Structures are given as C-alpha cells and as structure tokens.
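Accompanying notes for the structure given below.
Bear in mind that the values in this text are calculations on the coordinates, not laboratory data. Everything numeric here is computed off the predicted structure, so don't read it as measured data. For neighbour counting, all protein chains shown are included, and Cβ atoms are generated from backbone atoms with ideal geometry for every residue, glycine included.
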Amino acid sequence: MPVPSSNINITDIYDEANSGTPPSDLAVSDLFKKSYFEGPAYGVFNVGYNAWGQFGNTSGADRIYQITASNTNNNFNQFAALNYFFDNTTYANYVDIVNNLPTPVFPAPAFDNDITVYCRLYDSTKTYVYSQFSALIVAGGSASQIFSLTTEPMIAVGYWEVEFQPFSGSFGGTTCNIGINQVSKVTGGTINATGATIFDFQTYGDEDMAFSSASGYEGYYFDISIG
C-alpha cells in the first residue's frame, strides 16, 4: 500500500516502509532523512527502522524513489502516494541478456562460450547490494526476467554493476554492450578471457530509476549483449 494521497500523518509514512508498531520516540528528522542503508537491514542501526533517505549519509544519495534530496524540507505532502518497496507489478527491476557467441564446434567443449552474468544494485558507497541477478548464459542463449524482490527498496539512483565470469578456462574473450534504463553505458567493452570482468557506475555513471518502455516497469532495466 502506498502512502495516502492526502491527510498524511507520520504513522502513514512509517507504515509504508515498515511493519509493526512505530517506536514511541519516532522522529520526523530520522524517518525522513536517514537512508535505508542506515537502518536494520544491514545491521547498521543508525536508526532502528527503514527510513526514506531524504538526506541520509549527508547527501540524500540513497533516497527512496520520487523523494527530493533536502536537509530542511519536512513537508509531509512530499510523501503523498509514494511506494517504498518494489511490487513487481508497476515497479520492478528487469534484465535482458543475450549471448551472441556461437556454440563451439567439436572437438572444442560445447561450454567454452558460456558466461555467468551478475547484475547488482548498490548503495551510493558501493558497500551494500540490495538487488541482484545472476545466471549462466550459454552460447546462443538469453535471459529475460524480473529480478527484484518485493522486500527490496526503490532507491532513486541506480548505482549499478555488471560482472562477467567465463565458465570455461579456455574462453577466448569477447566484447559486450550494456544499457541501463535504455541509456547506453558500455559499447564494445572487453570481456577478459579469464577471471571476472566488471563494469560499474563508478566508471560509467549512475542512472536514475525510471520507467522503461522495453521492460514495461518503473525500476532499473539492464540490457546486455555479449559478443
């Protein structure tokens, strides 16, 4: 259930992000401003419940979707009709991956061009992963699916990472393209022949949460091609 659209009180805002009875010392400044990553989900406990991140970590970089970063605004109406968690109906993270590499011809092993792909979403400090996908994408294969959980928060800015891990020790290396929310981030990037190859927001830039016409959801859409 989203926050009500009118006549909003502090309990409405708390209940959208939490279950159970609000604490007796619930403070607007903490509920509004501290971030999800300062709460109990990762054992930090700067605050004992999920908060909205309006100015958490002194910046608002980890604020919930559709909240504006601010150190002074305590207007309850800014939360009207907002959702805190993905519902996988309107709000969802989605991945499209295609491995264009061919299946090797015998006597080479058939799995030589198979690659495990990891998609991750972090907090702004790249300390905590809050949403992730992983799958082995075989040569000529693909994956297309939602990967968010309905217990995951909708962070307004996408601090993304994509990792490629070849399945075979005799993989020859290849290239990749990566788009986040239909914005090109990596074109012709090199996937190494051995070990993990990582592309992330720290090098290629973050991306705001948004609606993607390719996935049909508001969230983060990873569009990845290999080879």
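Assigning unit charges at the beta carbon (Lys, Arg +1; Asp, Glu -1) and nothing else, what dipole magnitude in debye, to the nearest 20, does segment 1-124 show about its Cα centre?
Dipole size: approximately 240 debye.
For ASN73, what charge total do you get from the other residues with a beta carbon under 13 Å from its beta carbon, if Lys and Arg give +1 and Asp and Glu give -1? Please list the in-between numbers first.
Values: positive: LYS33, ARG63; negative: none.
Net charge around ASN73: +2.
So what J values fall out for segment 35-45 if you push phi through Karplus, 6.51 cos²θ - 1.76 cosθ + 1.60 with θ = phi - 60°, rounded to Hz, Gly and Pro as x?
Whole-Hz 3J(HN,Hα) from phi for segment 35-45: 9, 3, 7, 9, x, x, 4, 10, x, 7, 6.
Sorted by average packing, counted as other Cβ atoms within 10 angstrom per residue and highest first, what order do 18-24, 87-93, 47-53, 183-189 take?
47-53, 87-93, 183-189, 18-24
Net charge near ALA51, counting Lys/Arg +1 and Asp/Glu -1 over other residues with Cβ under 14 Å of its Cβ?
Around ALA51, the charge tally is -4.
At 7 Å along Cα-to-Cβ for each site, give me the label-to-label distance between VAL129 and ASN9 in nm.
Inter-label distance under the simple model: 4.2 nm.
For segment 27-132, just list the percent of Cα-Cα distances falling in each 5 Å bin from zero outward, please.
Spelled out bin by bin, segment 27-132 gives 2, 10, 17, 18, 14, 10, 6, 5, 5, 5, 4, 2, 1, 0 percent.
Which shape class applies to segment 10-79: rounded if a/c is under 1.5, otherwise prolate when a/b exceeds b/c and oblate if not, where a ≥ b ≥ c are the square roots of the Cα gyration tensor eigenvalues?
Oblate shape, in that a/c is at least 1.5 and b/c is the bigger or equal ratio.
What Kirkwood hydrodynamic radius, in Å, does segment 150-227 give when the mean of 1/r is taken over all pairs of distinct Cα atoms and then inverted? List each step's numbers first, then the result.
On the way: mean 1/r = 0.0738 Å⁻¹.
Value: 13.5 Å, from the Cα pair sum.
Just order 5-12, 34-41, 132-139 by mean Cβ neighbour count inside 10 Å, highest at the front, would you?
Highest to lowest by the protection proxy: 34-41, 132-139, 5-12.
Report P(r) for segment 94-226: all Cα-Cα distances, bin width 10 Å, range 0 to the bin holding the largest distance, values in whole percent.
12, 45, 31, 10, 1
How big is the charge dipole of the chain about its Cα centre, in debye rounded to the nearest 20, if each Lys and Arg gets +1 on its Cβ and each Asp and Glu gets -1 on its Cβ?
Dipole of the chain, to the nearest 20 debye: 220 debye.
May I ask for the distance between the Cα centers of segment 1-67 and segment 91-134, given as a whole number of Å?
Cα centroid of segment 1-67 versus Cα centroid of segment 91-134: 32 Å apart.
If I take every Cα pair under 8 Å that is 6 or more residues apart in the chain, average their sequence separation and divide by the length, what percent do I get for the relative contact order?
Relative contact order for the chain comes out at 19 percent.
Compute the distribution of all C-alpha to C-alpha distances in the chain, in bins of 10 Å from 0, and list the percent of pairs in each, rounded to whole numbers.
8, 31, 29, 18, 10, 4, 1, 0
Mind checking the full-extension length gain between ASN77 and THR89? Use 0.36 nm per residue of separation minus the Cα-Cα distance, one decimal, nm.
Between ASN77 and THR89, full extension yields 1.9 nm more.
Using a cut-off of 15 Å between beta-carbons, work out the net charge of the residues near LEU31 (Lys and Arg +1, Asp and Glu -1, LEU31 not included).
Here the count lands on -4.
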